[in-house]
Every structure is written in C-alpha cells, then in structure tokens.
C-alpha cells in the first residue's frame with residue numbers, strides 16, 4: 001500500500017480510503033467490523049464516514065455507520081492505527097439530524113452539535129479530518145447539469161472556519177476539508193484561512209471517475225498548487241463501472257436495485273461510455289473495477305481514492321487494484337475513450 005500526505009497537515013493516509021456508507025443499510029455491524037479488520041491488515045489506514053450515513057439518508061439509519069465504527073474502536077482499541085474522517089451535513093431539508101428539528105446548515109451551532117454527536121457515536125475524542133459534506137451555499141452539485149440562480153443567503157467562509165477553529169484548538173479536530181465543493185469555494189476558504197490564520201482546507205472530496213472527470217477543469221490545478229488534494233468518491237460510479245448494470249441488469253442486493261438512486265449515472269451517453277471502459281479493461285486482462293480504481297489512483301492531484309464494498313470479495317478486489325502498475329498504454333487508451341464521450345455522468 002502506498003501513502004500520501006494529507007494537504008499540509010503532515011498526516012499520512014493510505015492511497016486507498018475505506019468508504020463506509022453502506023454500513024447500517026446494506027451491511028450489518030459484524031460485516032462492517034470484518035471489513036475494517038481486513039482493510040487494516042492490508043495497510044488501509046484511512047476511514048471515511050459522515051454524520052448522515054448510512055446511505056441513502058433516512059431518519060432510521062442516520063448515525064448507524066459511525067456507531068459501527070465506534071463499536072469496532074471500542075472492541076479493538078486501534079484508534080491510533082487509523083486516520084478517521086467524518087463530515088457535517090451542508091444546507092439541506094433534512095430535519096432529523098438536529099435536536100431542534102431544524103434543516104441542516106453550516107452555522108456554528110450546527111457544526112458544534114454535529115461534532116459532539118459524531119465523537120460520541122465513534123467512541124473517540126478526536127477526528128483526524130472533519131469535512132463539510134456539501135456547501136451551505138446553493139450550488140450545482142450531485143449531478144446538476146445546468147446553471148441555476150445562486151442564493152445570496154449563505155453562512156460566510158470566515159464564520160465556518162472560525163467555528164471549525166474552535167474544535168481544532170480544543171483538540172477535537174486535527175484537520176479540515178471540504179466535499180462537493182466548487183473551485184471558487186475552495187479558493188475562498190483558502191484565502192480566508194491564510195488571511196485570518198484559521199484552519200486551512202487539507203482536502204476536497206468530490207466525485208471523480210472515468211465517466212466524470214469534471215474535477216480536471218479547474219479543481220485539479222487548485223489541488224496541486226494549493227495542496228488541497230482530491231479524495232475521489234464514486235470512483236466506480238456507484239458500481240456502474242463494473243459493468244453489472246449494463247443492458248438494464250438489476251442484480252439482487254445492488255444499490256440501484258435496492259434504492260433506484262443512480263440517475264446520475266444513467267444520463268445520455270452513459271451506457272455507451274461505461275461499456276467502452278468495461279471492454280477496455282477486459283481487453284487488457286483486467287477486471288473493470290481494477291481499471292477504474294487505478295485510473296483514479298494514478299492521477300497526480302489525488303490524495304486518496306475512496307472505495308466501498310458490500311462483500312469481502314468486492315473489498316479484496318478493490319484493494320488489490322491499487323497494486324496495479326499504471327502504464328502509458330492504459331493512460332492513452334482511457335484518454336482516447338474520454339475524448340469520444342467526455343463526462344457523461346457529472
């Protein structure tokens with residue numbers, strides 16, 4: 001396993017990050033524990049979760065993922081062996097995350113409540129990385145394709161960083177990051193942090209995959225020049241890049257079958273693009289997921305690629321992918337396919 005530095009923090013994280021959002025929905029506690037045990041044995045020291053998980057978000061499953069991690073930590077006493085990341089929900093109509101039933105925001109009160117609850121569920125007194133799951137601003141995210149009028153009402157960058165800074169100074173948070181953020185948003189956070197001596201964003205967790213390379217338009221340069229590296233989520237396009245949904249297939253137990261929430265990966269040209277990458281992988285003697293995961297890992301602006309598995313077989317295949325040697329032949333081949341059908345699943 002290879003490791004990267006998390007921004008300018010000095011924290012070393014495995015290039016493979018263990019995603020956890022199925023724990024509490026598709027996976028039970030015992031299965032989650034087995035995944036954590038195996039991942040740590042393979043050198044994966046980076047876990048990513050969120051207050052909102054399990055996914056899809058519901059009042060019944062909210063917090064279950066963090067509780068699964070917390071029981072694992074209580075059982076094994078391996079807190080110092082992992083880099084633990086969680087997230088606070090951005091602006092949303094979800095009313096079940098806060099005690100007063102209010103929709104989520106990134107105000108100081110909401111951040112304070114979210115941090116306290118996550119620490120309690122996780123059975124830890126600190127988080128290595130705390131991320132803003134999505135902005136307080138109204139922006140085009142989660143597959144939005146067109147411009148929209150941006151709401152001028154949002155919590156200010158300085159105010160958000162000041163709220164996070166209180167937890168950093170108290171030792172509850174070591175580093176901070178953003179997620180589902182824009183280039184403008186990242187730079188506003190960086191500017192405010194440097195101007196006011198507040199915590200500097202160490203990472204950005206955005207969707208990135210063979211069928212969604214929009215990160216490269218502006219954010220990749222920021223990631224490299226400002227040391228705000230990408231934590232790539234959905235590198236398999238929620239499983240679509242394995243090929244298992246081609247030709248309308250709906251495998252038993254798969255996310256698309258269970259939840260019908262994958263419209264982001266069903267847009268015009270998506271199936272043709274996905275099939276082309278699946279075919280390329282097989283021509284090269286690779287599993288489709290191996291090609292897709294190693295593509296992300298090979299990008300210079302990526303700090304870590306977040307995997308997610310519901311079975312131990314999937315988990316092993318995903319971690320094995322990081323051992324592949326990426327070649328110029330593979331690089332050229334994926335770029336040629338990308339140019340033919342660019343970003344069908346943003």
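Each residue in the range 32-52 was checked for being within 12 Å of the chain's Cα centre (by Cα) and within 25 Å of residue 261 (Cβ to Cβ), and 4 of them qualify.
Condition (residue is surrounded by fewer than 19 Cβ atoms within 10 Å (Cβ to Cβ) and on the phi < 0 side of the Ramachandran plot) applied to the range 82-91: is it met by at least one residue?
The answer is no, given that none of the residues of the range 82-91 is surrounded by fewer than 19 Cβ atoms within 10 Å (Cβ to Cβ) and on the phi < 0 side of the Ramachandran plot.
How many residues does the range 294-326 hold that are in a loop (DSSP other than H, G, I, E, B) and closer than 19 Å to residue 240 by Cα? Here the count works out to 4. Among the numbered conditions (1) over 19 Å from the mean Cα position of the chain (by Cα); (2) in a strand (DSSP E or B), the only one that residue 203 does not meet is (1).
For residue 119, state whether it is part of a loop (DSSP other than H, G, I, E, B), surrounded by 18 or more Cβ atoms within 10 Å (Cβ to Cβ), in contact with a strand residue (DSSP E or B) (Cβ under 9 Å, 6 or more places away or on another chain) and at pLDDT 95 or above. Against the criterion (part of a loop (DSSP other than H, G, I, E, B), surrounded by 18 or more Cβ atoms within 10 Å (Cβ to Cβ), in contact with a strand residue (DSSP E or B) (Cβ under 9 Å, 6 or more places away or on another chain) and at pLDDT 95 or above), residue 119 does not qualify.
Selection of the range 225-251 for residues being outside any helix (DSSP H, G or I), modelled with pLDDT of 90 or more and out of contact with any strand residue (DSSP E or B) (no Cβ under 6 Å at 6 or more places or on another chain) yields 226, 227, 236, 238, 239, 243, 244, 245, 249, 251. Number of residues in the range 240-273 that are closer than 20 Å to residue 58 by Cβ and in contact with a helix residue (DSSP H, G or I) (Cβ under 6 Å, 6 or more places away or on another chain) equals 1. Quick one: in the range 235-258, which of the residues that are under 20 Å from residue 307 (Cα atoms) and free of Cβ contacts under 8 Å to residues at least 40 places away in the same chain is surrounded by the most Cβ atoms within 10 Å (Cβ to Cβ)? Among residues in the range 235-258 that are under 20 Å from residue 307 (Cα atoms) and free of Cβ contacts under 8 Å to residues at least 40 places away in the same chain, the one surrounded by the most Cβ atoms within 10 Å (Cβ to Cβ) is 245.
The values are calculated or read from the model by the stated rules, or taken from the named source; none is laboratory data. Being a predicted model, the structure only gives us computed values, none of them experimental. Reconstructed Cβ throughout: ideal geometry from the backbone, glycine too, with neighbour counts over all protein chains shown.
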